[in-house]
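Down below is the structure, laid out as structure tokens.
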Amino acid sequence: MKYFIGNWKMFGVPKSINILKKINSFQLNDKNKKKYRIVITPPLTLIEKFAAYSKTKKIFIGSQNCYHKDPFSSNTSAVSAHMIKSVGAKYTLIGHSDNRAEGDNDYILKKKVQFALKNKLKIIFCIGENKIEKKNKKTLTILKKQLTNVLEKKFNKNDIIIAYEPIWSIGTGKLPTATELRKITIQIKKILKNIYKKNTFPVLYGGSVDGNSVKIFKEIEEIDGFLIGGASKSSKKFIDIIKNYYR
Ligand code: PEP
């Protein structure tokens, strides 16, 4: 199964549920609908409403992050995996580069993963190198560190999805070549196999995915789907990605 995951970031108000409704209508009539799963991660303010709507649909709702304490704490503005799960989310992103840049280190990320799993949230764990690391040919070293410092063999592999998001590609329109991306995806799967000793998680790509760039990446069968930022805030752009992927 492939994944199309829309990360809305700091976007959306209650009436933005219309975007979800349009995606749902498309999916209902799509002949390829059995081949993929749609997950939307709206801001925290919309999770409860969107999850209630999605309950009877084939769209899943996730959070963009969760706090590294659980279930409750005295940290102002923090929201735990327990609280996110309680309003109907099924997934959570963890380790997005935005949050790594704001201080999420491997220790914190491991706590987040542990608490998310404990609360039966599926995890979309984001990894990726920055521009300088890429230039210095450190990509694989970085990815390996990001994976092995946080993931443990005892975590249930069925609850974890990896999203490879090179930081230099997020929101920039800059893309890895198909050859580059295929190679990296295979390497990520190898690293995971070393941790888990068996065939493992879905590995997604994220970074400037839109209706055009998806055409380049659909040839790479090792990629199990996409994490989509900017283009997921418009139902048309998001639907175009799915349409062009299967065209
Ligand atoms: C993201 O923020 O996860 C992302 C992939 O953004 P964009 O698609 O806009 O590059």
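What FRET efficiency would be calculated for the residue pair Lys69, Asn29, taking the C-beta separation as r and a Förster radius of 45 Å, to the nearest 0.05?
Working: r = 43 Å, r/R0 = 0.97.
Taking R0 as 45 Å, the efficiency between Lys69 and Asn29 is 0.55.
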request  = Find how many whole Å separate the alpha carbon centroid of segment 35-58 from the alpha carbon centroid of segment 194-247.
outcome  = 18
ask   = So for Ser77, Ser25, what's the accessible-area order with a 1.4 Å probe, most first?
value = Ser77, Ser25
key: For segment 160-172, Karplus couplings with θ = phi - 60° (6.51, -1.76, 1.60), whole Hz, Gly/Pro x   = 10, 10, 9, 10, 7, 10, x, 4, 5, 9, 6, x, 10
message = Which order do the peptides 36-44, 239-247 come out in when sorted by mean C-beta neighbours inside 10 angstrom, highest first?
response = 36-44, 239-247
message = Can you give me the solvent accessible area of Phe26 with a 1.4 Å probe, rounded to the nearest 10 Å²?
response = 40
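Order the peptides 14-21, 230-237 from the highest to the lowest mean number of other Cβ atoms within 10 Å of their residues.
Values: 14-21: 15.2, 230-237: 18.4.
Per-residue Cβ counts within 10 Å, averaged per peptide and sorted highest first, yield 230-237, 14-21.
Could you work out the relative contact order of the chain, using alpha carbon pairs under 8 angstrom and six or more residues apart, expressed as a whole percent?
Numbers: 451 pairs, mean separation 48.5, N = 247.
Reported relative contact order: 20 percent.
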ask   = Taking the simple approach of a point 7 Å from Cα along Cα-to-Cβ for both Thr172 and Lys22, what is their distance in nm?
value = 2.9
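Keeping every protein chain in place, order Met10, Met1 by accessible area at 1.4 Å, biggest value first, i.e. largest first. The partial results should precede the final answer.
On the way: Met10 195, Met1 120 Å².
The ranking, largest first, comes out as Met10, Met1.
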note = Taking 0.36 nm per residue of separation between Ala52 and Asn212 and subtracting their Cα-Cα distance, the length gained on full extension comes to 54.4 nm
remark   = Scaled by the rule-of-thumb 2.2 N^0.38 Å, the alpha carbon Rg for the chain gives a ratio of 0.95
query = For Val87, what accessible area in Å² do you get when you roll a 1.4 Å probe over the heavy atoms of the protein chains, rounding to the nearest 10?
reply = 50
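May I ask you to rank Trp168, Trp8 by accessible area, largest first, using a 1.4 Å probe over the protein chains only? Write out the running numbers ahead of the final one.
Numbers: Trp168 35, Trp8 0 Å².
Ranking Trp168, Trp8 by accessible area, largest first, yields Trp168, Trp8.
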query = Stretch Thr76-Asn130 to full length: gain in nm at 0.36 nm per residue minus the Cα-Cα span?
reply = 16.4 nm
key: Estimated [θ] at 222 nm from DSSP helical runs (n ≥ 4, -39500 (n - 2.57)) normalised by residues in the chain, nearest 500   = -11500 deg cm²/dmol
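Classify segment 195-236 as rounded, prolate or oblate from the Cα gyration tensor: take a ≥ b ≥ c as the square roots of its eigenvalues, call it rounded if a/c is under 1.5, otherwise prolate when a/b beats b/c and oblate if not. Kindly include the intermediate steps, with their values, before the conclusion.
Working: a/c = 3.58, a/b = 1.99, b/c = 1.80.
It is prolate, given that a/c is not under 1.5 and a/b is the larger ratio.
Does segment 125-191 classify as rounded, prolate or oblate by the C-alpha gyration tensor (a ≥ b ≥ c root eigenvalues; a/c under 1.5 gives rounded; else a/b over b/c gives prolate, otherwise oblate)?
Values: a/c = 1.89, a/b = 1.73, b/c = 1.09.
Since a/c reaches 1.5 and a/b is larger than b/c, the shape of segment 125-191 is classed as prolate.
Which value results when the Cα radius of gyration for segment 91-204 is divided by 2.2 N^0.38 Å?
On the way: Rg = 13.6 Å, N = 114, 2.2 N^0.38 = 13.3 Å.
In units of the globular-protein estimate, segment 91-204 measures up at 1.02.
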remark   = With DSSP loop assignment and no more than 12 other C-beta atoms within 10 Å, the chymotrypsin sites (Phe, Trp or Tyr not before Pro) in segment 58-99 are Phe72
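The values are calculated or read from the model by the stated rules, or taken from the named source; none is laboratory data. Model, not experiment: these values are computed from the prediction. Cβ: placed from backbone, ideal geometry, glycine included. Neighbour counts: every protein chain shown. Only protein heavy atoms, including side chains, enter the accessible area calculation; ligands, DNA and RNA are left aside. Shrake-Rupley method; radii C 1.70, N 1.55, O 1.52, S 1.80 Å.
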